[in-house]
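*Asks:* The structure follows.
The values are calculated or read from the model by the stated rules, or taken from the named source; none is laboratory data. On a predicted model such as this, the values are computed, not experimentally measured, just so you know. Neighbour counts run over all protein chains shown; Cβ positions are idealised from the backbone, glycine included.
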Amino acid sequence: MKTLDRLRQGLLRNRAWDLTRPDLSLELNTSHGTLLYLEDISVSFDGFRAIDGLNLYIDAGELRCIIGPNGAGKTTMMDIITGKTRPDTGTAWFGQTIDLLRLSEPEIASVGIGRKFQKPSVFEPLTVFENLELAMAADKRVWPTLRARITPEQRTRIEEVLETIGLQEHRTRRAGALSHGQKQWLEIGMLLMQAPHLLLVDEPVAGMTHQEMDRTAELLTSLAGKHSVVVVEHDMDFVRSIANKVTVLHQGRVLAEGTMDEVQNDPRVIEVYLGGEDVHGPMA
Ligand SMILES: Nc1ncnc2c1ncn2[C@@H]1O[C@H](COP(=O)(O)OP(=O)(O)OP(=O)(O)O)[C@@H](O)[C@H]1O
């Protein structure tokens, strides 16, 4: 029997698996071109359906923007992908073989899903370089010994990431002394140290200057191709500047999907945004 079928059977059969979970696949397979499959996902909190039959597919290497009014379910969707929230129904596959609903939060991170929350959480007393060094250690138990020595390969990797995030000249600065935008880029760099296949980025430009927003747009678009990037953002100008494909969530399901022009001209989307439900204002 194919691994996928075996896993599916296991899922239907029982959720209490053997602790060793011998049939658990952690090998990513995206030969069909799709990295993330969320199908018919629903979750309720105290009887309120925050996610309601959600279907979402993210291609390998794609940059996708997710928009939607307050309470549309964007954060809850991210929580489901990362294992923080378990759906009541539905399936969530990472590539064709990895069943996310069978993995713990740390396991989901280790198969290559990184999440950046809105508020930067860099280690302020440490330098930019040291932050990246720490982020390299997937196993946080090795932190105390990590500073002892890094290999030339690891140093090269850190240098590459410093260049990607544009902080080469700030490598010896304390993270706490960075601007808000620089802290956000450092945190994206810290995620990159884990070489994730999928990066989930929550409101990356909130509180940024225009210049920082432009730099963030460049950074996120440069990551696509090598990684899949899912950006949840309220700032429509920013979304327009980076998006190929936009998904509009509303009441826990996909309302519309397409280019920014397509979704902006979709009467259902206009109704949701102009209907007074969104405190962030109409779509620009
Ligand atoms: N743990 C929870 N308990 C109860 N209700 C919740 C919980 N998490 C989310 N909700 C509710 O589910 C709905 C969806 O919330 P969610 O935070 O996912 O929306 P969102 O699209 O991220 O909104 P925003 O743009 O304001 O961040 C909201 O009505 C919210 O109040």
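*Asks:* Can you say whether residue 58 is within 16 Å of the ligand (Cβ to nearest atom) and within 15 Å of residue 254 (Cα to Cα), as far as the supplied structure shows?
*Replies:* It is false that residue 58 is within 16 Å of the ligand (Cβ to nearest atom) and within 15 Å of residue 254 (Cα to Cα).
*Asks:* Considering only residues that are more than 15 Å from the chain's Cα centre (by Cα) and of a type in the set (Gly, Ala, Ser), look in the stretch 202-230 and name the one that is nearest to residue 118 (Cα to Cα).
*Replies:* Among residues in the stretch 202-230 that are more than 15 Å from the chain's Cα centre (by Cα) and of a type in the set (Gly, Ala, Ser), the one nearest to residue 118 (Cα to Cα) is 206.
*Asks:* Please indicate, with yes or no, whether at least one residue in the stretch 74-83 is touching a residue at least 24 places away in the same chain (Cβ under 8 Å) and assigned to a loop (DSSP other than H, G, I, E, B).
*Replies:* Yes, because at least one residue in the stretch 74-83 is touching a residue at least 24 places away in the same chain (Cβ under 8 Å) and assigned to a loop (DSSP other than H, G, I, E, B).
*Asks:* Residue under question is residue 240, and the condition is that it be over 23 Å from the mean Cα position of the chain (by Cα) and either not assigned by the TED database to the domain that holds residue 157 or not acidic (Asp, Glu) (or both); does it hold?
*Replies:* For residue 240, the condition - over 23 Å from the mean Cα position of the chain (by Cα) and either not assigned by the TED database to the domain that holds residue 157 or not acidic (Asp, Glu) (or both) - is not met.
*Asks:* For the stretch 61-76, give me each residue that is within 12 Å of the ligand (Cβ to nearest atom) and either touching a Cys at 6+ places or on another chain (Cβ under 6 Å) or hydrophobic (A, V, I, L, M, F, W, C) (or both).
*Replies:* Residues satisfying the conditions are 66, 67, 72.
*Asks:* Looking at (1) more than 16 Å from the ligand (Cβ to nearest atom); (2) under 30 Å from residue 162 (Cα atoms); (3) acidic (Asp, Glu), which one does residue 79 not meet, given that it meets all the others?
*Replies:* All conditions pass for residue 79, except number (1).
*Asks:* Kindly indicate whether residue 135 is crowded, with 20+ Cβ neighbours inside 10 Å and either free of Cβ contacts under 8 Å to residues at least 12 places away in the same chain or in a strand (DSSP E or B) (or both).
*Replies:* no
*Asks:* Still on this model: From the list 255, 167, 186, 199, pick out the single residue that is under 25 Å from residue 113 (Cβ atoms), touching a strand residue (DSSP E or B) at 6+ places or on another chain (Cβ under 9 Å) and more than 16 Å from the ligand (Cβ to nearest atom).
*Replies:* The match here is 199.
*Asks:* Looking at the stretch 90-117 only, could you name the residues that are within 16 Å of the ligand (Cβ to nearest atom) and either under 25 Å from residue 33 (Cβ atoms) or over 14 Å from the mean Cα position of the chain (by Cα) (or both)?
*Replies:* If the condition is that a residue be within 16 Å of the ligand (Cβ to nearest atom) and either under 25 Å from residue 33 (Cβ atoms) or over 14 Å from the mean Cα position of the chain (by Cα) (or both), then 90, 92, 115, 116 are the ones that fit.
*Asks:* Related question: Tell me, yes or no, whether the stretch 191-200 has at least one residue that is buried (at least 16 other Cβ atoms within 10 Å of the Cβ), touching a residue at least 40 places away in the same chain (Cβ under 8 Å), assigned to a loop (DSSP other than H, G, I, E, B) and touching a Ser or Thr at 6+ places or on another chain (Cβ under 6 Å).
*Replies:* Looking for residues that are buried (at least 16 other Cβ atoms within 10 Å of the Cβ), touching a residue at least 40 places away in the same chain (Cβ under 8 Å), assigned to a loop (DSSP other than H, G, I, E, B) and touching a Ser or Thr at 6+ places or on another chain (Cβ under 6 Å), one finds none in the stretch 191-200, hence no.
*Asks:* I'd like to check something: does the stretch 207-227 contain any residue that is among the charged types (D, E, K, R), outside any helix (DSSP H, G or I), within 16 Å of the ligand (Cβ to nearest atom) and surrounded by fewer than 16 Cβ atoms within 10 Å (Cβ to Cβ)?
*Replies:* For the stretch 207-227, residues among the charged types (D, E, K, R), outside any helix (DSSP H, G or I), within 16 Å of the ligand (Cβ to nearest atom) and surrounded by fewer than 16 Cβ atoms within 10 Å (Cβ to Cβ): absent.
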